[in-house]
Amino acid sequence: MKQKSFYSLLLVSVMTLTAILSSGCTEEEPEMFTTQRIVINYTDSVVDASISPDANTRSQSVCPTPAGGVLTSKSGKKLYLSCTETAWPSDKIVKTRGTKVTTAGISNLGVSASVYPAANTYTSAGCGSYFYKESVSSGTPMSYYWPTSDYKLSFFGYYPYNNAAFTVQSAADATGVPTYAYTVPSAIGSQQDIMTGQVTDQSGGSSSPVNMTLAHRCSAIHFCITNDRSDAITVNSISIEGVKYTGTLNGSTWTLGGSVNSSSTNPFTLAYGSSVAAGAKVDITGTSNIFMMLPQTLPSGAKLKVVVDGEEFETELTGLWI
């Protein structure tokens, strides 16, 4: 009875895969599959893709003394600001959007898988030839089974799953690593910590879990303000303008669109509205309002704008977000 149930479950997959893998197979030959279901476990990478113009280390968690981060208003007032990255969260709370994600914050991810003869590699197989854009929970067996040792499997994972701003562009029959597209939402709270990972050329006939490491693919930017004045200030908002905000991701490589954002086109503005005491240094973005930007060489005309006590300060943004 177990075998009959197993055959019934895989009937559609077998009929589809036989046309791809071998002209000698038929739908009456489900022996290409074992009885071992696939389990995928995932962890997040400790490698951070964020950037700091102050040459901070990637693991630095404090706001350093501003190095040349001087913003000037039209009236000539000065504001000192540093831009840095955040440390990885060590807590296990549920993560919101606009927050760096740990494994504890991932309820599921999307996974596609290719299956192909053992003599070949994933570069010649359709990235979704076995299954395509399936929702996977860590440690939970899937309704798919390992092929026999005559075949190999490759897995391609992505997070977040089923998100309108981050989509799989490659069709199931596209060979090699799938391509993803992302448009950075204008609202900081809607921006995502984009992660992808892959495990390639795994031998069939396995019963071991697939361990996939997801790497963070966006530049996670946060801001600290140092108030060197003798009285308190109110920080109304902080904005990034003139940066590229659309791109496609293949492997670890982004290819960006040519358009840049502005105050009217995908404005990246964080409303703050809180007081900063005289002599204080405050992390404006905290842990849940981080700017999740696309890695890029900042275009000419990129700007950082901060509104303090109703007065606008700005400075040019230059350098590299990696």
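The values are calculated or read from the model by the stated rules, or taken from the named source; none is laboratory data. Everything numeric in this text was worked out from a predicted model, so none of it was measured. Counting neighbours? That spans all protein chains shown, and the Cβs are built from the backbone with ideal geometry, glycine included. With ligands, DNA and RNA removed, areas are computed over all heavy atoms of the protein, side chains included. Shrake-Rupley method; radii C 1.70, N 1.55, O 1.52, S 1.80 Å.
Observations, loosely collected:
- Verdict on D201 being touching a residue at least 60 places away in the same chain (Cβ under 8 Å) and open to solvent by 30 Å² or more (accessible area, probe 1.4 Å): yes
- Checking S288 against (1) in contact (Cβ under 8 Å) with a residue 40 or more places away in the chain; (2) in contact with a strand residue (DSSP E or B) (Cβ under 9 Å, 6 or more places away or on another chain); (3) under 21 Å from A164 (Cα atoms), the condition it does not meet: (2)
- A single member of T269, T246, T285 is of a type outside the set (A, V, I, L, M, F, W, C), at pLDDT 90 or above and more than 24 Å from L109 (Cβ to Cβ), and it is T269.
- Exactly one residue among T248, T234, T175 is open to solvent by 10 Å² or more (accessible area, probe 1.4 Å), touching a helix residue (DSSP H, G or I) at 6+ places or on another chain (Cβ under 7 Å) and hydroxyl-bearing (S, T, Y), and that residue is T175.
- Of all residues in the stretch 178-191, those satisfying the criterion of being open to solvent by less than 10 Å² (accessible area, probe 1.4 Å) and at pLDDT below 95 are I188, Q191.
- Verdict on L214 being touching a residue at least 60 places away in the same chain (Cβ under 8 Å), within 22 Å of S107 (Cα to Cα), in contact with a helix residue (DSSP H, G or I) (Cβ under 9 Å, 6 or more places away or on another chain) and among the hydrophobic types (A, V, I, L, M, F, W, C): yes
- Of all the listed residues (E312, E241), the sole one being charged (D, E, K, R), out of contact with any Asp or Glu (no Cβ under 8 Å at 6 or more places or on another chain) and open to solvent by less than 40 Å² (accessible area, probe 1.4 Å) is E241.
- Taking the stretch 251-294 as the range and being closer than 18 Å to I233 by Cβ, buried (at least 19 other Cβ atoms within 10 Å of the Cβ) and either in contact with an Asp or Glu (Cβ under 8 Å, 6 or more places away or on another chain) or of a type in the set (F, W, Y) (or both) as the test, only Y272 passes.
- Restricting attention to the stretch 204-224, the residues that are open to solvent by 10 Å² or more (accessible area, probe 1.4 Å), touching a strand residue (DSSP E or B) at 6+ places or on another chain (Cβ under 6 Å) and among the hydroxyl-bearing types (S, T, Y) total 3.
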